[in-house]
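I have placed the structure first, in the form of structure tokens, so that the comments after it can refer back to it.
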Amino acid sequence: MSDPNVSKMIARIKADNVQFIRLQFNDILGIPKNVAIPVVQVEKALTGGIWIDGSSIEGFARIDESDMILKPDWDTYQILPWRPSENRVARFICDVYTYGNKPFEGDPRYVLKRNLNEAAKLGYTFNCGPELEFFVFKRDEKGYATTEFVDHGGYFDLAPSDAAEDLRREIIIALTEMGFEIEASHHEVANSQHEIDFKYGDALSVADKVITFKFAVKTLALMKGLHATFMAKPIAGICGTGMHTHGSLSRDGENIFFDPSTEDQTSETMLYYIGGMMKHAKALARLGNPTINSYKRLVPGFEAPVYITWSTANRSVLIRVPSARGNSTRAELRSPDPMCNPYLLFAGMIAAGLDGIKNKILPPPPTDVNIYELSDAEKKRRGIEMLPSSLIEANDELLKDKVICDALGPHIVENLTKIAIAENESFRQAVHPWEVERYINNF
């Protein structure tokens, strides 16, 4: 062992009394996977990586090209604070490689890195800040998840209405120990619905944090005998779960969306970015709203956006520009839900925004009225289009969008399409309780 940096990392792991290491990576759906190794194998992992069989991972490799190497990203080393302190468990998030030491094109983390490099060629750093909502439900006597509420609180309610307040506190403590800077937490609109917000940052580290956040929330809920879910619409008739994602571009540490010389202190570059996002909004839906259930949330009458519009104040639009200025100037994409793979979503947002900037795509005038109160004729006059209404429609829009397809690469696009077709076919053949209730007595 000649590399002093390897020696230093191993010494740190030993000083932390770590006994097991989880080598974590993500499939195409954004679901975390891991290989656990004893600490005696850590030198091998840090120097050469650990081989895995990728053929059983969703959207990874065919059986004849299944060998993959996990290479730990040293900056992602974290102790898992909910594990016993006497035999600690730590994790690395890994990049996935294939033969010849080549990055695997189906690794969502690599896809994001590739698009960040495209932004860097123009001198840009892409920063983002997602707001993750989730539901906490009870489990039944067998430990299975239910949709039975843990509490009946509302927006910003406190205990005793918010019975999951203790869980939220434990989640925040654990995430803080893992390096998160938590900005706020509160009860959301629906019963048993919650939100915890953490500080924005560069897109790669934030995507890593989104995966870690979901893993921590679900684990800590399970330890309390509860079930946390990031499902977009677990219960009909109430608000769904969103992941509003704020994005901005900076150059040399300065937010280029901010321009104090304009009336609203936003730059022309920001308008081009919004124009690009609106142009590619339908394809981005495939990334931000990746399941059949996602489109049960994107319906009129709730807080989720349906129409491809933007505004500086209106909360019914797809893209909102919050009032903060200076380095906080940003555009908020309100359509994504937390079922998404953040690496792919952020990659798509970068590609869409850069296309708008490169080609100077100006958005239409802002929509500062309640869109749901506009007639169909008025919406048509204003040129207001709708987001896709289904997963298969969103996938069709993706396949028509060369910019987003190029950003993802053919491997990802091909496998997203396979997943969409399989999901749609399975759903098409399923007999839903709604159908039984509606038809069994009448026909």
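The values are calculated or read from the model by the stated rules, or taken from the named source; none is laboratory data. Values in this document were obtained by computation on a predicted structure and should not be read as measured data. Here the Cβ positions follow ideal geometry from the backbone for every residue, glycine too, while neighbour counts run over all protein chains shown. To get the accessible areas, we keep the full protein, side chains included, count just its heavy atoms, and leave off ligands, DNA and RNA. Shrake-Rupley method; radii C 1.70, N 1.55, O 1.52, S 1.80 Å.
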Just to be sure, is residue 182 of a type in the set (Val, Ile, Thr) and touching a Phe, Trp or Tyr at 6+ places or on another chain (Cβ under 6 Å)? yes
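Among the listed residues 435, 393, which satisfies the condition of being open to solvent by less than 80 Å² (accessible area, probe 1.4 Å) and either farther than 15 Å from residue 286 by Cα or at pLDDT below 95 (or both)?
Numbers: 393 fails: either farther than 15 Å from residue 286 by Cα or at pLDDT below 95 (or both).
When all the criteria are applied, what remains is 435.
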Is it the case that segment 283-290 has a residue that's assigned to a loop (DSSP other than H, G, I, E, B) and under 16 Å from the mean Cα position of the chain (by Cα)? yes
Pick from segment 93-115, criterion in contact (Cβ under 8 Å) with a residue 40 or more places away in the chain and open to solvent by 60 Å² or more (accessible area, probe 1.4 Å), ranking: nearest to residue 403 (Cα to Cα): 114
Restricting attention to segment 185-228, which residues are among the hydrophobic types (A, V, I, L, M, F, W, C) and open to solvent by 40 Å² or more (accessible area, probe 1.4 Å)? 189, 215, 222, 223
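Which ones in segment 243-276 are assigned to a helix (DSSP H, G or I) and in contact with a helix residue (DSSP H, G or I) (Cβ under 8 Å, 6 or more places away or on another chain)? Even if it seems obvious, please write down each step before you answer.
Here is the first cut: in segment 243-276, the residues assigned to a helix (DSSP H, G or I) are 268-276.
Of everything in segment 243-276, those that are assigned to a helix (DSSP H, G or I) and in contact with a helix residue (DSSP H, G or I) (Cβ under 8 Å, 6 or more places away or on another chain) turn out to be 269, 272, 273, 274, 275, 276.
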Name the single residue that is nearest to residue 312 (Cα to Cα) among those in segment 330-387 being among the hydroxyl-bearing types (Ser, Thr, Tyr) and within 24 Å of the chain's Cα centre (by Cα). 335
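Look at residue 329 and say whether it is among the polar types (S, T, N, Q), open to solvent by less than 10 Å² (accessible area, probe 1.4 Å), farther than 30 Å from residue 235 by Cβ and in contact (Cβ under 8 Å) with a residue 60 or more places away in the chain. Lay out the reasoning, then the answer.
Details: among the polar types (S, T, N, Q): yes; open to solvent by less than 10 Å² (accessible area, probe 1.4 Å): yes; farther than 30 Å from residue 235 by Cβ: yes; in contact (Cβ under 8 Å) with a residue 60 or more places away in the chain: yes.
So residue 329 passes the test.
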What is the one condition in (1) out of contact with any strand residue (DSSP E or B) (no Cβ under 6 Å at 6 or more places or on another chain); (2) open to solvent by 30 Å² or more (accessible area, probe 1.4 Å) that residue 256 does not satisfy? (1)
Looking for whichever is open to solvent by 40 Å² or more (accessible area, probe 1.4 Å), free of Cβ contacts under 8 Å to residues at least 60 places away in the same chain and of a type outside the set (Gly, Ala, Ser) here; the options are 171, 182. Which one fits? 182
If I go through segment 229-240 residue by residue, how many of them are at pLDDT below 95 and either open to solvent by less than 10 Å² (accessible area, probe 1.4 Å) or in contact with a Lys or Arg (Cβ under 9 Å, 6 or more places away or on another chain) (or both)? 3
Enumerate the helices (runs of 4 or more DSSP H) found wholly within segment 367-443, keeping only those where 2 or more residues are over 22 Å from residue 356 (Cα atoms). 376-381, 391-400, 410-429, 433-439
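If you scan segment 73-90, which residues turn out to be open to solvent by 20 Å² or more (accessible area, probe 1.4 Å) and in a strand (DSSP E or B)?
Residues of segment 73-90 open to solvent by 20 Å² or more (accessible area, probe 1.4 Å): 73-75, 78-79, 81-88.
Selection gives 78, 79, 88.
Starting from residues that are charged (D, E, K, R) and surrounded by fewer than 16 Cβ atoms within 10 Å (Cβ to Cβ), keep the ones in segment 119-140 and report whichever is farthest from residue 245 (Cα to Cα). Walk me through it before giving the result.
Here is the first cut: in segment 119-140, the residues charged (D, E, K, R) are 121, 131, 133, 138-140.
Remaining after also requiring surrounded by fewer than 16 Cβ atoms within 10 Å (Cβ to Cβ): 121, 138, 140.
Working: 121: 24, 138: 28, 140: 34 Å.
By that ranking, first place goes to 140.
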